[in-house]
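The values are calculated or read from the model by the stated rules, or taken from the named source; none is laboratory data. The structure displayed is predicted, hence computed values, not measured ones. Reconstructed Cβ throughout: ideal geometry from the backbone, glycine too, with neighbour counts over all protein chains shown. Each accessible area value is taken on the protein alone, full model and side chains, heavy atoms only, with ligands, DNA and RNA left out. Shrake-Rupley method; radii C 1.70, N 1.55, O 1.52, S 1.80 Å.
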Amino acid sequence: MKKVFIKGGTIVNSKESFVGNILIEGEKIKKVLKPDEFIELDDDTKVVDAGGKLVLPGFIDAHTHFDLHVAGTVTCDDFYSGTKAAVSGGTTTIIDFGTQYKGETLNEGMDNWLEKAKDGVFCDYGIHMSISDWNEEAKEECQDMMDRGVTTFKIYLTYDILLKDDEAFEVIQRLKEVGAITGVHCENAGLIFALQQEFVEAGLQDKVSSHYKTRPAAAEAEAIGRILHLAEVAGSDIIDVHLTCKEGLDEIRAARKRGQKVYAETCPQYLTMTNKLYELPGFEGAKYVIAPPLREQSDVDELWRALADGEIQTVSTDHCAFTFKQKELGINDFRKIPGGMPGVETRGIVMYSEGVTKDRISLEKMCEVLCENPAKLYGLYDRKGFIEEGFDADIVILDPKSQTKITAATQVSKCDYAPLEGKILNGHIDKVFLRGSEVVDNAKIKDTPEGKFLERKPYKKFL
């Protein structure tokens, strides 16, 4: 059995950080030792010196879209390239959004997503199931999904796969019955459509800026409030995914005051970028077309405060990458620009540099929102997200004294641009261990994909 001893690093969790040592045996953490605790090592134990560095649990990204057919094209990162990009940045677990397309059963959607991962994955992975065709068969199959380890679901209140309010209500009721929880993409489809028609009639169809102007914060906030009131009547807990704005956050705050359990997720792009990027010359702003769109600087500031205060529980990426050529599908019509951007390989270092080193959040809070909370919320609380004896040896060693320059030329993702191109960030991912195997060493990624599918446990109110 392979053994690794990580010595002298600052071990980080949400409650405390301390200089200590970690013994890995096989795929598990065997011992976590304080500096004054000693252990005799076998001669064949590999010793890794982490002195002066941070030792964190492997990051969990619970919101990715790999090999997704959408907007007349397919995301440029599949499971192979997407998970390779993920692990390069310290993410040892992703949960991708599988989709039941119209006319499919949930089981067919699940089978399709497992097939997409057949070529190999570089980190462990789970699957959420997005429901777009709600009927009696789908209602029954919710239990099938639970039995197959898919314990979280997603519904949309916009796009062509949206569910009507009565369907959304029935879904969250049913998922409560089977022990699952629902994540929701919240935007008011009717309002967005009406605004888009106005902008087209005004001759603004070829303006990238029309994208964010027709998807205002009010459209997001209204949909958040609506789904939360539906959840209130159903008695169901809910997850608002990719929260972007204060207006939406205020709806969540109001629901919590009513006694509801609501979880909020935001993304690095909403913490580092603003809608001014949509005003770049020519078609350049299309790189930043996502939904919901980037917001105002005041929203960025509010999200950081909410993270620090514990009002937002997780930070995922919504990695949904398209090349610039693919974005040009909408060069004459902003409505046809594929929405999404890369981010799965930079999330950890962005949160460290922009959050921790700028005193917006503590190191322990970073660990909480990237590791521990996702593990608890998404049914991995028995093996992922913690540096704890008996847990999977998913470990990130981060060098706080080094820097990372973001550039498309060096990124692992197949995307041909980097949203934070040229930005120099504090910190560098030195090593990454996946279940005890050293899969990243100073940006060199182990060629053999070693990721496994994760069957996840039912939802529990840990947070």
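With a cut-off of 11 Å between beta carbons, the residues surrounding TYR378 carry a summed charge of +3, where Lys and Arg count +1 and Asp and Glu -1.
When only alpha carbons are used to place a centre, region 335-368 and region 128-160 end up 28 Å from one another.
Expressed as a whole percent, the accessible surface of the chain that belongs to carbon and sulfur atoms is 48, based on a 1.4 Å probe. Evaluating 6.51 cos²θ - 1.76 cosθ + 1.60 at θ = phi - 60° for every residue in region 421-427, the Karplus couplings come out as 3, x, 6, 9, 10, 6, x Hz, glycine and proline recorded as x. In this structure, the pairs whose alpha-carbon distance is over 18 Å, taken from LYS84/LYS452; LYS2/LYS28; LYS7/LYS34; LYS164/LYS213; LYS118/LYS457; LYS53/LYS423, are LYS164/LYS213; LYS118/LYS457; LYS53/LYS423. To the nearest Å, what is the center-to-center distance of region 219-239 and region 446-461, using C-alpha atoms only? Taking the Cα centre of region 446-461 as reference, the centre of region 219-239 is 29 Å away.
If you place +1 on the Cβ of every Lys and Arg and -1 on the Cβ of every Asp and Glu, how big does the dipole about the Cα centre of the chain come out, in debye to the nearest 20? Walk me through the numbers before you get to the answer.
Values: 58 positive and 78 negative charges, 199 e Å.
Result for the chain is approximately 960 debye, rounded to the nearest 20.
A simple rule links phi to the HN-Hα coupling: the Karplus curve 6.51 cos²θ - 1.76 cosθ + 1.60 with θ = phi - 60°, which for region 13-20 gives 9, 6, 8, 6, 10, 8, 6, x Hz, with x for Gly and Pro. Using bins of 10 Å that start at zero, the share of Cα-Cα pairs per bin across region 337-463 amounts to 11, 35, 39, 15, 0, in whole %. Ligands, DNA and RNA are left out, and with a 1.4 angstrom probe the accessible area of the chain is 38 Å² per residue. Using the alpha-carbon centroid of each, what span in Å lies between region 248-295 and region 51-94? Measuring centre to centre over Cα atoms gives 20 Å. Taking the Cα centre of region 1-79 as origin and assigning +1 to Lys and Arg Cβ atoms and -1 to Asp and Glu Cβ atoms, the resulting dipole is close to 280 debye.
For LYS154, what is the net charge nearby, where nearby means another residue's Cβ is under 13 Å from its Cβ and Lys, Arg count +1, Asp, Glu -1? So the environment of LYS154 carries a net charge of -4.
Specify the angular offset, from 0 to 90 degrees and rounded to the nearest 10, of the alpha carbon long axis of helix 246-257 from the longest principal axis of the alpha carbons in the chain. On a 0 to 90 degree scale, this one is about 80. Between helix 136-147 and the chain there is an angle of about 10 degrees, using the helix long axis and the longest principal axis of the Cα atoms.
For the chain, what class follows from the C-alpha gyration tensor (a ≥ b ≥ c being the square roots of its eigenvalues): rounded when a/c is under 1.5, otherwise prolate if a/b is larger than b/c, else oblate? Mind dumping the intermediate values first?
Values: a/c = 1.67, a/b = 1.40, b/c = 1.19.
Prolate, because a/c is 1.5 or more and a/b exceeds b/c.
Relative to the longest principal axis of the Cα atoms of the chain, the long axis of helix 297-309 makes an angle of roughly 50 degrees.
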